[in-house]
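Right, one structure below, let's go through it.
Throughout, read-outs are computed from the coordinates displayed, never taken from laboratory work. Since the structure is predicted, the reported quantities are computational estimates derived from the model, not experimental observations. Ideal geometry is used to build each Cβ from the backbone, glycine not excepted, and the neighbour counts take in all protein chains shown.
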Amino acid sequence: MHRFWLFAIICTGVLCAGCGKSAEQKAREQAELDAKVAEKLRTEKIAETRERAAEAIASKERAKVRDEDIRREADATFAQFDRERPAGMQDIQDAATIDAAAGRVRSLMSDPLSMEVRNSSVNAQKTAVCLLIDYKESGTSVGARQALVTADAVLVEPDKNNVAHRVFEISAKNLGCDVALDTKRK
């Protein structure tokens, strides 16, 4: 019977020694498990970041394509509008521009009611209005003079004896008004 108890004690000791893990081994296994979990999380985070970056790039590409489609559609719409627009529409717009330009010149005159527009046109670039006007200064008629009206300035042709006359001629030439009105002046 002693042998039985001895055998039972030895078996129990062997089983306990084999089943039980030391604290060191448990800590090592826990560290390995934590490392695996951390690696898995890091891998998932990297994958998620790559997916977001790929989606952002795809979104930018879609936006670029959308913008290009919108631009093409707008160009086509404006081209169609220009083709279908009544022919006189541009003339109406030019007339309104010329009237507004004449009003700006008239506002500079000492006797605005005496000013008459003899001829007018818009330059080829549509950046200036060229006018041929008659007006009075101090009750005396000065004859036909050119006036140039741009978005930034209103220039009235000075007397030919004035030094500024050459500057005016150069401005008129640069704007394309010298040809448009010079032939109509005669």
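Using the Karplus equation 6.51 cos²θ - 1.76 cosθ + 1.60 (θ = phi - 60°), what ³J(HN,Hα) coupling, rounded to whole Hz, does each residue of the range 99-113 give in order, writing x for Gly and Pro?
Per-residue couplings from phi come out as 4, 5, 5, 4, x, 5, 5, 4, 5, 8, 6, 6, 10, x, 6 Hz.
Please compute the modelled spin-label separation between E169 and T140, points set 7 Å along Cα→Cβ, answer in nm with one decimal.
2.3 nm
Would you mind classifying the range 23-85 by shape? Square roots of the alpha carbon gyration tensor eigenvalues, ordered a ≥ b ≥ c; an a/c under 1.5 is rounded, otherwise it is prolate if a/b is larger than b/c and oblate if not.
Prolate shape, in that a/c is at least 1.5 and a/b is the bigger ratio.
Once you sort the root eigenvalues of the Cα gyration tensor of the range 89-185 as a ≥ b ≥ c, which label holds: rounded (a/c under 1.5), prolate (a/b larger than b/c) or oblate (the other case)?
Cα axes put the range 89-185 in the oblate bin.
By per-residue mean of other Cβ atoms within 10 Å, what is the highest-first order of 96-103, 125-132, 76-83?
125-132, 96-103, 76-83
Given +1 on the Cβ of Lys and Arg, -1 on the Cβ of Asp and Glu, and no further charges, what dipole in debye does the range 36-152 carry about its Cα centre, rounded to the nearest 20?
680 debye
Whose amide H sits under 5 Å from the amide H of N119, counting only residues 5 or more places off or on another chain, with H placed in the peptide plane?
Residues meeting the criterion, in which the H sits 1.01 Å from N, are L132.
What net charge is computed for the residues neighbouring T43, neighbours being all others with C-beta under 13 Å from the C-beta of T43, Lys and Arg scored +1, Asp and Glu -1?
Within the 13 Å Cβ shell, the charges total +1.
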